[in-house]
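The values are calculated or read from the model by the stated rules, or taken from the named source; none is laboratory data. Just so you know, these numbers come straight off a predicted model, no measurement behind them. Because the Cβ atoms are built from the backbone with ideal geometry, glycine has one as well, and the counts that use them run over all protein chains shown.
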Amino acid sequence: MKRLSLPQTVSAKGTSIGITVELARMMTAALARKRPSPFTLGQPRTWAAGIVYVLGRVNFLTDRASSPHMTTADLCAAFGVSESTVHNKARVIEQALAIGPLDLRWMLPSLAEKNPLTWMAEMNGFIVDLRYMPREVQEVAFAKGLIPHIPAEREDQS
């Protein structure tokens, strides 16, 4: 199987785009497991651009106020594809994987920690913020993989 890599202009900005290769690989693998596979239609570079675009949307890549920042036009130019193609592939990817705004499955850990939805859980029919729950509840949530860390431990280290 041919190994694909990011275009030179994108990989040179690796830290600038802020999308980990691991997230892109995970998304590619998730799409490859779909039946029928969406990869049967289109070129690999268009799918790669679509994956990076979707990950960028979830992680605020095009937001000028955030760092890193990259415009959609720059992303498309780096992959050598048109914006309409990227948008079409992104729509297919988002539908296939049920990806929405602020989707925690595809968010960078640094952003997920700041996202209030990361800390929300339902307990006895009520939505609660796990940061303000007793430590025992936080430990159970952490053990189940619901939260990235136990907030009390981070406060102790500060």
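For first residues located in the stretch 133-154 and assigned to a loop (DSSP other than H, G, I, E, B), partners that are surrounded by 11 or more Cβ atoms within 10 Å (Cβ to Cβ) and of a type in the set (V, I, T) and lie 6+ apart or on another chain with Cβ distances below 8 Å form the pairs I147/T118; P148/T118. Any chance the stretch 103-115 includes a residue that's of a type in the set (D, E) and modelled with pLDDT of 90 or more? Scanning the stretch 103-115 turns up no residue that is of a type in the set (D, E) and modelled with pLDDT of 90 or more. L31 meets each of the listed conditions (1) assigned by TED's automatic domain parsing to the domain that holds L146; (2) within 19 Å of the chain's Cα centre (by Cα) apart from (1).
Considering only residues that are exposed (fewer than 10 other Cβ atoms within 10 Å of the Cβ) and over 24 Å from the mean Cα position of the chain (by Cα), look in the stretch 135-158 and name the one that is modelled with the lowest pLDDT.
S158
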